[in-house]
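The values are calculated or read from the model by the stated rules, or taken from the named source; none is laboratory data. Note that the structure is a prediction, hence the values are computed from the model and not measured. Every residue, glycine among them, receives a Cβ derived from its backbone with ideal geometry; neighbour counts consider all protein chains shown.
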């Protein structure tokens, strides 16, 4: 880390007043939401905060992600009066998974002046398999190809970040996995070019909730009365994709119950590729080993909400009326 960075940092907290842009990459999950609330509680001017959401399924039909996530994130942005910019790889998860002797698809991202398209002309390659359950992003390609790379392109592809100070904020926490525990709380972002002479761009990366436990995250949401994503209300303890490759037996059993057509599509792909997502066991076997979450059995209205593409409910309510969702403090099935 350069001395220039250190002089503007106290402990693990950067000088938040020094940034022109504060870019929060959000999935709509509890940790990204806690990051937003922490920024506001630290007095960051909302006029400098913008939300960026990566559409895992490429703005096409739902395949791996929760169908309602895009609408939920948009409702959050509206509730807090913040701009929302979406980014995605053309064709999303399914197109990248089915890539055969073809380059990775282009990336598209929204800007204040419209949609920009970039890339799509790289080396030809073949995947024809699901991402693998590993901390190695070369085989767990969903994070690299559909989130990390897409987010980086949305910053490096916009001149409005040149000659400016930008803070990228993400919600990884040390308690989620051994790999995430090793993440730096504050460091230069992968798009940083502050030492360059042609297109200088000062971009730092901060993980404000890295040291938080689950209880502190949920306490933050309660203070603001934030209604969490319906996945938590259905029993999920972490929000990634609905059909996350790290899904537990109970989660696959729940997906088979509430979204049988989707479950079958994924199972058929496993059989076609001859390689299961979790290596030793297929999702059919996992689902047989698990029991659906009781909350999903008891709340068909929440199932319909989570599997829909609209959100017409308040995001903010009375803190005194807020209750922990069934998924809080549940099984820790999710990305490493």
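Every test in (1) in the same structural domain as residue 304 (by TED's automatic domain parsing); (2) assigned to a loop (DSSP other than H, G, I, E, B) is passed by residue 264 save one, and that test is (2).
For region 296-336, which positions are part of a helix (DSSP H, G or I) and within 25 Å of residue 259 (Cβ to Cβ)?
Listed by number, the residues that qualify are 296, 297, 298, 300, 301, 302, 303, 304, 305, 306.
Condition check for residue 275 on (1) more than 24 Å from the chain's Cα centre (by Cα); (2) part of a helix (DSSP H, G or I): one failure, at (2).
Within region 185-193, is there a residue that is on the phi < 0 side of the Ramachandran plot, surrounded by fewer than 15 Cβ atoms within 10 Å (Cβ to Cβ) and either in contact with a helix residue (DSSP H, G or I) (Cβ under 6 Å, 6 or more places away or on another chain) or not assigned by TED's automatic domain parsing to the domain that holds residue 146 (or both)?
yes
For region 102-136, the set of residues classified as within 21 Å of residue 24 (Cβ to Cβ) and assigned to a loop (DSSP other than H, G, I, E, B) consists of 112, 113, listed by residue number. The conditions are (1) surrounded by 21 or more Cβ atoms within 10 Å (Cβ to Cβ); (2) under 15 Å from the mean Cα position of the chain (by Cα); (3) part of a helix (DSSP H, G or I), and residue 251 fails exactly one of them. Which is it? Only one criterion is unmet by residue 251, namely (2).
Among (1) out of contact with any helix residue (DSSP H, G or I) (no Cβ under 7 Å at 6 or more places or on another chain); (2) at pLDDT 95 or above; (3) not in a strand (DSSP E or B), there is one condition residue 4 misses while meeting the rest; what is its number? Evaluating residue 4 over (1) out of contact with any helix residue (DSSP H, G or I) (no Cβ under 7 Å at 6 or more places or on another chain); (2) at pLDDT 95 or above; (3) not in a strand (DSSP E or B) leaves (2) as the failure.
Can you confirm whether region 301-320 contains a residue that is without any contact (Cβ under 8 Å) to a residue 60 or more places away in the chain, surrounded by 12 or more Cβ atoms within 10 Å (Cβ to Cβ) and more than 25 Å from the chain's Cα centre (by Cα)? The answer is no; no qualifying residue exists.
Of the listed requirements (1) touching a residue at least 12 places away in the same chain (Cβ under 8 Å); (2) at negative phi; (3) touching a helix residue (DSSP H, G or I) at 6+ places or on another chain (Cβ under 9 Å), residue 81 misses just one: (2).
So, residue 71, is that one at pLDDT 95 or above and either surrounded by fewer than 22 Cβ atoms within 10 Å (Cβ to Cβ) or farther than 30 Å from residue 313 by Cα (or both) or not? It is true that residue 71 is at pLDDT 95 or above and either surrounded by fewer than 22 Cβ atoms within 10 Å (Cβ to Cβ) or farther than 30 Å from residue 313 by Cα (or both).
Listed by position, the strands (runs of 3 or more DSSP E) enclosed by region 137-222 that each have at least 2 residues that are within 15 Å of the chain's Cα centre (by Cα) are 165-169. The number of residues in region 196-211 that are in contact (Cβ under 8 Å) with a residue 24 or more places away in the chain and surrounded by fewer than 21 Cβ atoms within 10 Å (Cβ to Cβ) comes to 4.
Just one of the numbered conditions (1) under 18 Å from the mean Cα position of the chain (by Cα); (2) crowded, with 16+ Cβ neighbours inside 10 Å; (3) at pLDDT 95 or above; (4) under 30 Å from residue 314 (Cα atoms) is not true of residue 83: (2).
I want to confirm something. Restricting to region 114-142 and keeping residues that are closer than 22 Å to residue 203 by Cβ and touching a helix residue (DSSP H, G or I) at 6+ places or on another chain (Cβ under 9 Å), which single residue is surrounded by the fewest Cβ atoms within 10 Å (Cβ to Cβ)? Step by step, filter region 114-142, then rank; the result is 118. Residues that are under 23 Å from residue 65 (Cβ atoms), surrounded by fewer than 18 Cβ atoms within 10 Å (Cβ to Cβ) and touching a residue at least 40 places away in the same chain (Cβ under 8 Å) within region 291-300 comprise just one, 297. Every listed requirement among (1) touching a helix residue (DSSP H, G or I) at 6+ places or on another chain (Cβ under 9 Å); (2) more than 16 Å from residue 306 (Cβ to Cβ) is met by residue 72 save one, (2).
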